[in-house]
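J.: Take a look at the following structure, please.
The numbers here are math on the coordinates, done by the rules we state, and not lab data. Please read all numbers here as calculations on a predicted model, not as lab measurements. Don't worry about glycine lacking a Cβ; one is built from the backbone with ideal geometry, like all the others, and counts go over all protein chains shown.
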Amino acid sequence: MKRERRKFTNDFKADVALEAIKEKLTIVELAQKFKISPVQIKVWKKEFLENKANVFNGVSNKTRREEEDQSRQEQELFEQIGRLKMENEWLKKKVL
């Protein structure tokens with residue numbers, strides 16, 4: 001039986017990374033506390049520290065992702081409109 005991968009929320013990752021940054025507990029102790037790999041904690045801590053300046057840049061990652069999704073949806077809709085126009089023109093020629 002295949003085991004499903006655990007998924008962690010961004011809040012949980014941030015909390016773990018902050019605990020690691022505080023250094024009140026070792027990485028191994030944190031791993032035992034949160035029941036995750038010490039390597040994962042190091043990755044989240046590094047990612048957190050690399051992106052700390054983005055907190056104050058005015059545009060969140062969520063907003064940026066939403067804009068990208070909207071742009072992608074618009075592009076798909078324009079492509080669909082183009083295909084439908086071509087089909088419509090083809091059908092008009094066939095009927096006449």
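J.: What is the gain in length, in nm to one decimal, between Gln70 and Asn10 on full extension, counting 0.36 nm per residue of separation less the C-alpha to C-alpha distance?
T.: Details: separation 60, 0.36 × 60 = 21.60 nm, distance 2.18 nm.
Full extension from Gln70 to Asn10 adds 19.4 nm.
J.: Arranged by the count of other C-beta atoms within 10 angstrom, fewest first, what order do Met86, Met1 take? Could the numbers behind the result be given before it?
T.: Details: Met86 10, Met1 3.
If I rank by nearby Cβ atoms, fewest first, I get Met1, Met86.
J.: Viscosity 0.890 mPa s, temperature 25 °C: give me the Stokes-Einstein translational D for the chain in µm²/s, with Rh taken as the Kirkwood radius over C-alpha pairs. Can you show the working numbers first?
T.: Numbers: Rh = 17.7 Å.
After rounding, the answer is 139 µm²/s.
J.: Ok, one more. Return the calculated 222 nm mean residue ellipticity for the chain, to the nearest 500 deg cm²/dmol, obtained by summing -39500 (n - 2.57) across DSSP H runs with n ≥ 4 and dividing by the residue count.
T.: Result for the chain, helices only: -24000 deg cm²/dmol.
J.: For the pairs Lys35/Lys62; Lys22/Lys45; Lys2/Lys35, note any where the Cα-Cα span goes beyond 18 Å. Spell out each step's value before the answer.
T.: Values: Lys35/Lys62 27 Å; Lys22/Lys45 11 Å; Lys2/Lys35 20 Å.
Listed pairs above 18 Å: Lys35/Lys62; Lys2/Lys35.
J.: Which of the GluC sites (Glu not before Pro) across region 11-74 are loop residues per DSSP, with 13 or fewer other Cβ within 10 Å? Write out the running numbers ahead of the final one.
T.: Details: sites: Glu19, Glu23, Glu29, Glu47, Glu50, Glu66, Glu67, Glu68, Glu74; in loops: Glu23.
Listed in order of number, the matching sites are Glu23.
J.: Let me ask something additional. How long is region 1-57 along each principal axis, judged by its Cα atoms, biggest number first, in Å?
T.: 45, 25, 15
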